[in-house]
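Data block below; observations after.
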Amino acid sequence: MATTSLGGGGGSQGAEGPKIVWNEAGRRFETDDKKAYLEYVVREDGKVMDLVHTFVPPSKRGLGLASHLTLAAFNHAKSRSLSVIPTCSYISDTFLPRNPTWNSLLYSEDIKSSI
């Protein structure tokens, strides 16, 4: 499995936050224990990341892990000039309203013609 370690986005988990790993083969971002994760689907010939599902087990909820996973995914997309589709309800309904600066990465039909 090809993985890349990604720094966290700050917060209450320490200076760097929890360790988030990009599991390229599994098409997900996950905590180092693999218990919390964000799954994605690649679309538009690899130019768009559709963030489809975020999962945090009950024992780890309330620690901001979903936010850290989402930040890792958005930072990954930004560093690779990818657009993002926020299919996951956590991302569209909670994360983006709290972090509107990431809206610039969102995929739209308007930018489809330029991809």
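Residues of the stretch 5-17 include none that is over 23 Å from Ser108 (Cβ atoms) and at pLDDT 95 or above.
All of Thr70, Thr87, Thr54 fail the test of being open to solvent by 70 Å² or more (accessible area, probe 1.4 Å), closer than 22 Å to Thr101 by Cα and under 12 Å from the mean Cα position of the chain (by Cα), apart from Thr87.
The values are calculated or read from the model by the stated rules, or taken from the named source; none is laboratory data. Only a predicted model underlies this, so the values are computations on that prediction, with no experimental measurement involved. Don't worry about glycine lacking a Cβ; one is built from the backbone with ideal geometry, like all the others, and counts go over all protein chains shown. Accessible surface is based on the protein model in full, side chains and every heavy atom, while ligands, DNA and RNA are left aside. Shrake-Rupley method; radii C 1.70, N 1.55, O 1.52, S 1.80 Å.
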